[in-house]
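Read the structure below first, then the notes.
The values are calculated or read from the model by the stated rules, or taken from the named source; none is laboratory data. Computed from a prediction, not measured in an experiment: that's the story for all the values here. Virtual Cβ from ideal backbone geometry, glycine too; neighbours counted across all protein chains shown. Note: accessible area is taken over every heavy atom of the protein model, side chains too, but ligands, DNA and RNA are not part of it. Shrake-Rupley method; radii C 1.70, N 1.55, O 1.52, S 1.80 Å.
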Amino acid sequence: MFNALIRGIRSVDILLLLSMAILFAFGCAALYSIGLGKEPQSFFYLHKQLTVFGIFCAALVLVASVNYRIYRDASIVFYCAVCAVLGAVLIFGSTIRGTRGWFVIGGVGVQPAELAKLALIFILARYLSHFAREIRQARHLLITGLLAAIPIGLILAQPDFGSAAVLFVIWFGMMLVSGIPRRYLLALAVLGVILGAAAWSFGFKEYQKQRIITYLSPGASDQKGSGYNVRQAMIAIGSGQLFGRGLGLGSQSHLKFLPESQTDFIFSVLAEETGLVGVFLLFLFWILFFYRLIASLRSASDDFGAYTILGISIFFFVHVLLNIGGNLGLVPLTGLVLPFMSYGGSALAVSLLSVGVVLSVRSHSV
């Protein structure tokens, strides 16, 4: 038992945890600054974020200590339970910012769509590892596509386009690496274009259309309407210059020009107040974080562990890409948070649990 404990301690990825902690510290600094700008000053977001972090750091340790193969065995039950909850939230859930995707329990909001990302990763990792030798058959693309389509459809019904997009990219990325013939994925891409056109005509809400129009033609968009958020975010980023305005001195967030500064646009707050130097350091720690995820992927001793870390890596990468890209006007705004940094208990909890799963694969791969 003592030897197992020593082996577990040695297998802990210190650099992964360090990069995660520093990214969280960046987010806390931004939330503290946002609290300074409240009238009167309020650090509610920061206090709640620290509370969730403390609770789920303990959960991270617990998840990391359990053999990850248990998650494989429980993946079907977990996936079915999450899909059932996604269906229930459409009936019994609360609507926040136009999305009926929350359960509010004792004043605390819980967003099942975040859990769906981890559930899909587990079920796909189980399926792909089980059928690894025959994965080139077309039926596996259809079956895994159905597994992804169920939670995606339920999340789109909320509607939450950002989380649905993350689920789709997780599925597509895992299938791309699995060895599925590229011609199937090409046919799927054509089908995606057709479905996208149909969704534009019959599925997208007006504000979702406006986000895409703003992205495709930022100069022609209404700068006081659909283009307002992106314009204010880019102004905030540009005004940071080299060293930033200083913590608590950002005009865009403190003068309320930047909407949802604690979630969607926390990157813009940091860029304005810490400047290019702060953004460089932020990217440096994100690069370290992903480097350690790749190193963990290589250490996996079986297909399930490798696919699980792959899915988690895609999950984090898509969030970072779409959040920061949206702030910079490089991709349409999706409402996705920046992992470890944006305010949001459900998102932070799932991010911490995901890191725990990665550590579990590292420590129990023999």
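Quick notes
- Hey, F290 of a type outside the set (S, T, N, Q), closer than 14 Å to V358 by Cα, part of a helix (DSSP H, G or I) and out of contact with any helix residue (DSSP H, G or I) (no Cβ under 6 Å at 6 or more places or on another chain) or not: yes
- Test: I324 is open to solvent by 20 Å² or more (accessible area, probe 1.4 Å), under 22 Å from L31 (Cβ atoms), in contact (Cβ under 8 Å) with a residue 24 or more places away in the chain and of a type outside the set (G, A, S): no
- Residue within the range 209-226 that is at pLDDT 65 or above and open to solvent by 50 Å² or more (accessible area, probe 1.4 Å) present: no
- Contact map, the range 329-350: residues that are within 16 Å of P259 (Cα to Cα) paired with residues that are modelled with pLDDT of 90 or more and charged (D, E, K, R), Cβ distance under 8 Å, separation 6+ or inter-chain. Pairs shown: Y343/K48.
- Search result, residues across the range 327-344 that are in a helix (DSSP H, G or I) and open to solvent by 10 Å² or more (accessible area, probe 1.4 Å): L328
- Taken as a whole, the condition of being crowded, with 20+ Cβ neighbours inside 10 Å and not acidic (D, E) applies to A347.
- Boolean, L353 is in a helix (DSSP H, G or I) and at pLDDT 95 or above: yes
- Residue list for the range 238-258, filter: open to solvent by 90 Å² or more (accessible area, probe 1.4 Å), modelled with pLDDT under 75 and more than 26 Å from the chain's Cα centre (by Cα): L255
- Scanning the range 75-111 for residues that are without any contact (Cβ under 8 Å) to a residue 40 or more places away in the chain and within 30 Å of S363 (Cα to Cα) gives V77, C80, A81.
- Screening the range 120-131 for residues that are in contact (Cβ under 8 Å) with a residue 60 or more places away in the chain and open to solvent by less than 40 Å² (accessible area, probe 1.4 Å) and picking the one that is farthest from the chain's Cα centre (by Cα) gives S129.
- Within the range 31-41, being open to solvent by less than 20 Å² (accessible area, probe 1.4 Å) and more than 23 Å from L353 (Cα to Cα) holds for S33, I34, G35, G37.
- Candidate set from the range 7-26 (those that are of a type outside the set (A, V, I, L, M, F, W, C) and modelled with pLDDT under 95); member that is surrounded by the fewest Cβ atoms within 10 Å (Cβ to Cβ): R10
- Hey, Y32 part of a helix (DSSP H, G or I), in contact (Cβ under 8 Å) with a residue 24 or more places away in the chain and within 20 Å of the chain's Cα centre (by Cα) or not: no
- Each residue in the range 132-158 was checked for being surrounded by 17 or more Cβ atoms within 10 Å (Cβ to Cβ) and assigned to a loop (DSSP other than H, G, I, E, B), and 2 of them qualify.
- Checking each residue in the range 159-183 for being open to solvent by 40 Å² or more (accessible area, probe 1.4 Å) and in contact (Cβ under 8 Å) with a residue 12 or more places away in the chain picks out F161, F168, V169, F172, V177.
- Taking the range 42-119 and the strands (runs of 3 or more DSSP E) fully enclosed by it, the elements with 3 or more residues that are surrounded by 14 or more Cβ atoms within 10 Å (Cβ to Cβ) are at 99-105.
- Qualifying residue in the range 263-272 (condition: open to solvent by 20 Å² or more (accessible area, probe 1.4 Å) and either at pLDDT below 90 or among the hydrophobic types (A, V, I, L, M, F, W, C) (or both)): yes
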